[in-house]
């Protein structure tokens, strides 16, 4: 029994080392960009699902509209990329109102493409540089992760807006 407990402990110990190792938890840039492109397409599918007349739907007066969720999600990619990842001028307006679904989808696509270009242009040395941000002193690599998490967070909220209107969201994309 003692040997069995020791084997279980050792298995859990070494398993946790493998699972917690940075190599296991990180994606290389090529893998991340594949995931990023998938995130873009999934976000566009979500925007496409919301009927034009529901873009201004909100849960209550204090919440963002569906359209505001999407504009915030996408605009932050460009804003944070330019502000913290040495991104160039995006070449499109990030602070104008998108009035219809086509404009909204174009904005989302432009922001994701801008993010991809910005991420690709960072060298490994730049990714490892520490920068002062609203999230504290972090690496640019962490900022890339923050941007990706921010997209996921607000896209999840947008899915709730679809469901609140009786609309089934698109099938989740695992990669």
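Laboratory data are not the source of any read-out in this text; all were calculated from the coordinates shown. Quick caveat, the model's predicted, so the values are computed rather than measured. FYI the Cβ positions are ideal-geometry reconstructions off the backbone, even for glycines, and counts take in every protein chain you see.
P(r) tail for region 27-164: Cα pairs beyond 27 Å make up 21% of the total.
Taking the mean number of other Cβ atoms within 10 Å as a proxy for protection, how do you rank 28-38, 72-82 from highest to lowest?
The most tightly packed comes first, giving 72-82, 28-38.
Where does each of 154-160, 124-130 land if you order them by average Cβ count within 10 Å, highest first? Provide the component values of the computation, followed by the final result.
Details: 154-160: 17.4, 124-130: 11.7.
My ranking of the peptides, most packed first, is 154-160, 124-130.
Between the alpha-carbon centres of region 39-94 and region 104-124 there is a gap of 13 Å.
Look at the alpha carbon pairs under 8 Å that are at least 6 residues apart: their mean separation over the length of region 27-164 gives a relative contact order of 31 percent. For the peptides 163-172, 109-118, the ranking by mean Cβ contacts within 10 Å, running from highest to lowest, is 109-118, 163-172.
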